[in-house]
Amino acid sequence: MLISFAEWSETEAYLAFSQLIVPRPVAWVLSDNGTSPGAQAGQPAMARWNVAPFSYFNGVTSSPPMLMFSVGDGMAGRLKDTHRNLRRDPQCVVHIARSTQAQAVQDTAAELPWGVSEIDHAGLELTAWDWPLPRLAQAPVAMGCVATQFTPIGDTAQTLIFLRIERVWVQDEIASFDANGRLVIDIAAYDPLARVGRGGYASLGPVVRPR
């Protein structure tokens with residue numbers, strides 16, 4: 001089968017390559033919604049924090065350590081909450097979820113009414129750590145990041161957001177150090193969530209280490 005992307009609509013192209021470019025890591029991004037008149041009038045405290053997943057995501061350099069994720073914004077120039085928040089306050093926390101947390105990740109992708117917390121909606125918990133923003137207590141990895149660059153791309157309202165990693169928290173059960181003092185992650189215990197096409201998620205399965 002030969003596919004000519006140039007002849008397809010944006011939706012058709014997305015459906016194709018979202019199934020072909022797999023598995024993709026998922027950035028589970030917590031950002032600060034800030035204060036608002038609604039919050040001051042009794043809005044739940046959890047609504048201050050926005051959590052959303054992004055699967056156009058990866059590491060891009062290790063010097064300095066940086067991540068990138070892509071945000072597709074809404075109609076009529078309305079920025080997604082994560083994009084808008086990072087424009088105002090560049091600090092965020094990027095989590096990696098376990099495969100067993102796929103439902104919670106999917107729940108945080110829902111379009112909720114203003115003032116409704118994704119954290120409450122998905123049954124998540126927050127905990128303080130060595131960063132101005134809290135992290136999701138259930139996630140095995142959390143990275144305290146600062147957004148450094150916003151780059152519009154493509155023919156539609158899509159933006160690449162580049163983040164510099166400042167802090168990393170890793171669950172003790174999945175991390176150790178080798179004889180040279182280098183970090184070793186137990187991939188089986190980590191069990192990171194991966195994104196595949198048509199609304200699906202997956203686990204990594206067996207790890208292959210060619211000679």
| query | Of all the residues that make up the stretch 160-184, how many are open to solvent by less than 90 Å² (accessible area, probe 1.4 Å), touching a residue at least 24 places away in the same chain (Cβ under 8 Å) and either in a strand (DSSP E or B) or out of contact with any Asp or Glu (no Cβ under 8 Å at 6 or more places or on another chain) (or both)? | reply | 11
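Going by the structure shown, is residue 152 in a strand (DSSP E or B), within 25 Å of residue 33 (Cα to Cα) and open to solvent by less than 50 Å² (accessible area, probe 1.4 Å)? Show your work before the answer.
Working: in a strand (DSSP E or B): yes; within 25 Å of residue 33 (Cα to Cα): yes; open to solvent by less than 50 Å² (accessible area, probe 1.4 Å): no.
In short, no.
Using the structure shown, decide if residue 115 is modelled with pLDDT under 90, of a type in the set (Gly, Ala, Ser), more than 16 Å from residue 143 (Cβ to Cβ) and under 14 Å from the mean Cα position of the chain (by Cα). Walk me through how you get there before you give the answer.
Numbers: modelled with pLDDT under 90: yes; of a type in the set (Gly, Ala, Ser): yes; more than 16 Å from residue 143 (Cβ to Cβ): yes; under 14 Å from the mean Cα position of the chain (by Cα): no.
Taking the combined requirement at face value, the residue does not satisfy it.
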| request: Return the total of residues in the stretch 185-211 being part of a loop (DSSP other than H, G, I, E, B), in contact with a helix residue (DSSP H, G or I) (Cβ under 8 Å, 6 or more places away or on another chain) and not small (Gly, Ala, Ser). | output: 7
| request: List every residue pair whose Cβ atoms lie under 9 Å apart, where the two residues are 6 or more positions apart in sequence or sit on different chains, the first residue falls within the stretch 9-37 and is in a helix (DSSP H, G or I), and the second residue, located anywhere, is at pLDDT 90 or above. | output: 18/24; 18/55; 18/195; 18/196; 19/196; 19/200
| query | Among the listed residues 116, 51, 94, 105, which satisfies the condition of being among the β-branched types (Val, Ile, Thr), more than 17 Å from residue 33 (Cα to Cα) and touching a residue at least 12 places away in the same chain (Cβ under 8 Å)? | reply | 105
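The values are calculated or read from the model by the stated rules, or taken from the named source; none is laboratory data. Quick caveat: nothing in here was measured; it's all calculated off a predicted structure. No Cβ is skipped: glycine too gets one built from the backbone with ideal geometry, and neighbour counts run over all protein chains shown. Ligands, DNA and RNA are excluded from the accessible area calculation, which covers all protein heavy atoms including side chains. Shrake-Rupley method; radii C 1.70, N 1.55, O 1.52, S 1.80 Å.
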